[in-house]
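First up is the structure itself, then whatever we jot down about it.
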Amino acid sequence: MAIKKFVVGCFDDEQVLFPAVKNVRKAGYRIHDVYTPMPIHGLDAAMGLRDTSLHTAGFIYGIAGTTTAFSFITWVFTTDWPMNIGGKPFFSLPAWIPIMFELTVLFSAVGMVLTFCYLCQLAPFVKKDHFHLRATDDLFVMAIECTDKTNETEVSQFLSNIGAIDVTTQYKETGWWLGRYDKETQLFGKPTEAVS
């Protein structure tokens, strides 16, 4: 995996973070991501992120579930094992609707959850670098990716001027990989031994 350089700014208030994101974008810096301990309405628009396509994936999974149910039931009751149940025709679509609905919901729900976990890189066995452990507690963390043209000192000063309480430069892997968190973890500035 490629290791990239980031300037990381920590903010202690969302009222400071929100205008800071807009100022960073106006200045032309590339925001890698913003990590917050809670959802912030409108932050995705401020960062310039496009709308999610998860609902489109859910629709496709739902259609796949409906098609699977309809195809299998049709094959079973008209070709493989036709049965005369109460005088109904072999192709009895109204009686199949509840099962088709259930398979539509099942495929859509399971597919969307798995897609969400993949896109957000969430799994019990996935290891990923964190910019600051307090991002899940009480800090708002903005990571700016450094390129060849980025002046690290200038970015650090810029973040401090717009309200960052702590600014650091970090080298991190941006991807995720299979593994676990091993021997040492930085917890609030103090190295601790991970339980093995």
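The values are calculated or read from the model by the stated rules, or taken from the named source; none is laboratory data. Everything quoted here is computed from the prediction, not taken from an experiment. Neighbour counts are summed over all protein chains in view; Cβ atoms, including those assigned to glycine, are modelled from backbone coordinates with ideal geometry.
Data table
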{"item": "Residue within the range 48-58 that is surrounded by 16 or more Cβ atoms within 10 Å (Cβ to Cβ), among the small types (Gly, Ala, Ser) and at pLDDT below 90 present", "result": "no"}
{"item": "Residue check, residue 34 in a strand (DSSP E or B), in contact with a strand residue (DSSP E or B) (Cβ under 8 Å, 6 or more places away or on another chain) and crowded, with 16+ Cβ neighbours inside 10 Å", "result": "yes"}
{"item": "Residue in the range 39-48 that is within 14 Å of the chain's Cα centre (by Cα) and in the same structural domain as residue 168 (by TED's automatic domain parsing) present", "result": "yes"}
{"item": "Breaking point among (1) under 17 Å from residue 145 (Cα atoms); (2) more than 15 Å from the chain's Cα centre (by Cα), for residue 63", "result": "(1)"}
{"item": "Residue tally, condition of a type in the set (Gly, Ala, Ser), without any contact (Cβ under 8 Å) to a residue 24 or more places away in the chain and either assigned to a helix (DSSP H, G or I) or within 30 Å of residue 118 (Cβ to Cβ) (or both), over the range 52-97", "result": "3"}
{"item": "So residue 135, is it within 20 Å of residue 171 (Cα to Cα), among the small types (Gly, Ala, Ser) and part of a helix (DSSP H, G or I)", "result": "yes"}
{"item": "Tally, over the range 7-30, of residues that are part of a helix (DSSP H, G or I) and in contact (Cβ under 8 Å) with a residue 40 or more places away in the chain", "result": "9"}
{"item": "Residue among 48, 42 that is on the phi > 0 side of the Ramachandran plot and in contact with a Lys or Arg (Cβ under 9 Å, 6 or more places away or on another chain)", "result": "48"}
{"item": "Among (1) polar (S, T, N, Q); (2) in a helix (DSSP H, G or I); (3) in contact (Cβ under 8 Å) with a residue 24 or more places away in the chain - the single one residue 121 does not satisfy", "result": "(2)"}
{"item": "Pair list, Cβ < 6 Å and 6+ apart or interchain, from the range 154-177 residues that are polar (S, T, N, Q) to residues that are at pLDDT 90 or above", "result": "156/7; 156/167; 160/167; 168/8; 169/7; 170/6; 170/8"}
